[in-house]
Amino acid sequence: MKFFGFIAVVVVGTLLLVATGDFPGWGNPHSPASEGQVSGFYIEQTVNVTKVPNMVTAVLADFRGYDTMFETVVIFIAGIGIIAVLRTFGDTAGKASDYPEPDEGSDIIVRSTCHLMVPLIQLFALYVVAHGHHSPGGGFQGGVMLGASYILLALACGLPVAKRRMGERKAIVLAATGIIIYAGWGVACLFFGGNFLDYASLDPVLPGDKEMARSHSMLVVEIGVAFTVTAIMFAIYSNLATRGRLEKGL
Amino acid sequence: MELLAAGFIEDNIVPKFNYWIYVILMMIGLYAMITKNNLIKKLIGMAVFQTAIILFYVSIGVKEESGIPILGHGQHHEIVEEGKPSGEVITKDEFANPLPHVLMLTAIVVGVSTLGLALAISQRIHGSFGTLEEDEILDQLRPGGHD
Amino acid sequence: MIWQFDIIILILMVVAAIISLRVKDLLGATMVFGIYSFLICLLWAEMGAVDVAFTEAAVGAGVSTVIMTATVFSTTRRSRD
């Protein structure tokens, strides 16, 4: 097996290395990917049609809104899949772990530091979500950081403490809410005569003109993404760390 | 002499180095996925493979002399508040290509969800077979094996 | 883009990938994989992809290392290869 694997890897690798000879040089501003109409339009027109300085967020949440919506659905389905694969109820979890379960929250220094850190992390995560169209950041990053703050709480103080703030049912409802916010905002555009996820049609109800309506709508869908990512990240951790029993934890 | 060497590297190695490394990383990942016996090692190989693809995409979007794809505060103010046409303020070569960044940003987050799902399945496998080694699992599955 | 920096990080990345696949201890492999993620995050910041670098720092280096550690702790730490 090792031998055949090595042969396959060498053959494929040689072919790909030969193919790199035809690639445009690294950093060449006139490479086909950078010369194309699409990226030029994104760079020059994003600020005209959305008033958002961060092109990546604008393309992510507005121009390619369908893509991001279904990526969020993929994350949701992955989270549901993990719960379906791992979650066990009662004492049917199988063999006990090889490692003794540490008694939770025994170290006062760790607990106090964690309690000081978590609000700051959550505040920064909210800033990242809300300020995503002016600086690096957005729903995915902010959502992961919010989820990581709950994971930190679970690591330092034990899973029950974190579960009191983000229970299993609450996590699933939150994840579904995120997708409903995103898709619902798209449906709201339909009621004002636009296409699905055509944010410019929402300007009668949002402050500012058509461009500002797109900018504000980006914030709404980023919040939806952040809800889903937060809940699913915590659900993934809590199921993996306890083998689906959701007790004690690491 | 030093300048000569630097010039040689800059002309012949730098334009393709990212692509060579992307191929090498991808092959490391593929080799690990094919030959490693342990399921967690296979998953690490899968993650290395995935980052190699992302490296390829991000390398495509780089331009010489380009910065991050976010408008400066001054440029944003000139266009939005003072109403200058964006073609005068923005030059295309000043910003990295944002399209590969967008595609890869979602790929990373979806990648960690699928990694989590794969880890969940390998935990179930460990629960049923008591091992993560592929050949031992196959031994137990074979009729007449242990168990 | 700074090509000197780029070359150094790329070489370190290959080294980190090989080490994390060769270490026999799975916890060690996971930690080296976290180092690999941080290196690639640095590389993307250098290439001007700040949003991707931010995501990688939060997701790849943070959450995926934690969930892999969780799996290693609740299964087994030994590996034969």
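Each residue in segment B:83-142 was checked for being more than 7 Å from chain A (Cβ to nearest Cβ), over 30 Å from B:Lys36 (Cα atoms) and over 21 Å from the mean Cα position of the chain (by Cα), and 7 of them qualify. Quick check, is C:Phe33 of a type in the set (Phe, Trp, Tyr), over 15 Å from B:His101 (Cα atoms) and either more than 7 Å from every other protein chain (Cβ to nearest Cβ) or in a loop (DSSP other than H, G, I, E, B) (or both)? Answer is no for this residue. Of the residues that make up segment C:46-53, is at least one modelled with pLDDT under 90, touching a strand residue (DSSP E or B) at 6+ places or on another chain (Cβ under 8 Å), within 25 Å of B:Lys16 (Cβ to Cβ) and assigned to a loop (DSSP other than H, G, I, E, B)? Yes: one or more hits. Provide a single number: the residues in segment A:199-250 that are part of a helix (DSSP H, G or I) and either more than 12 Å from the chain's Cα centre (by Cα) or buried (at least 24 other Cβ atoms within 10 Å of the Cβ) (or both). Selection size over segment A:199-250: 35.
Elements of the type helices (runs of 4 or more DSSP H) sitting completely within segment B:1-117 and holding at least 3 residues that are within 21 Å of C:Ala17 (Cβ to Cβ) and in contact with a Ser or Thr (Cβ under 7 Å, 6 or more places away or on another chain): these cover B:14-35, B:39-60. Taken as a whole, the condition of being closer than 25 Å to A:Thr177 by Cβ and at pLDDT 90 or above applies to A:Val73. Given the condition hydrophobic (A, V, I, L, M, F, W, C), modelled with pLDDT under 90 and under 11 Å from the mean Cα position of the chain (by Cα), answer yes or no: does some residue in segment C:61-79 qualify? Yes. All of B:Leu119, B:Leu141 fail the test of being modelled with pLDDT of 90 or more and closer than 30 Å to A:Gly79 by Cα, apart from B:Leu119. Close Cβ contacts (under 6 Å, 6 or more residues apart or on different chains) running from residues in segment C:1-28 that are without any contact (Cβ under 8 Å) to a residue 12 or more places away in the chain to residues that are small (Gly, Ala, Ser) comprise C:Leu21/B:Ala32; C:Val23/C:Ala29. Would you please name the residue that is nearest to the other protein chains (Cβ to nearest Cβ), looking only at residues in segment C:2-24 that are of a type in the set (Val, Ile, Thr) and over 13 Å from C:Leu43 (Cα atoms)? Filtering first and then ranking leaves C:Ile18. Report yes if some residue within segment B:64-75 is at the interface with chain A (Cβ under 7 Å from one of its Cβ atoms) and farther than 30 Å from A:Met212 by Cβ; otherwise report no. Within segment B:64-75, one or more residues are at the interface with chain A (Cβ under 7 Å from one of its Cβ atoms) and farther than 30 Å from A:Met212 by Cβ. If the condition is being crowded, with 20+ Cβ neighbours inside 10 Å and at pLDDT below 90, then segment A:115-135 contributes A:Gly132, A:His133. Residues considered: A:Gly65, A:Gly40, A:Gly36. Of these, the only one that is surrounded by fewer than 17 Cβ atoms within 10 Å (Cβ to Cβ) and more than 7 Å from every other protein chain (Cβ to nearest Cβ) is A:Gly36.
The values are calculated or read from the model by the stated rules, or taken from the named source; none is laboratory data. Owing to the predicted nature of the structure, the values given are computational and were not obtained by experimental measurement. No Cβ is skipped: glycine too gets one built from the backbone with ideal geometry, and neighbour counts run over all protein chains shown.
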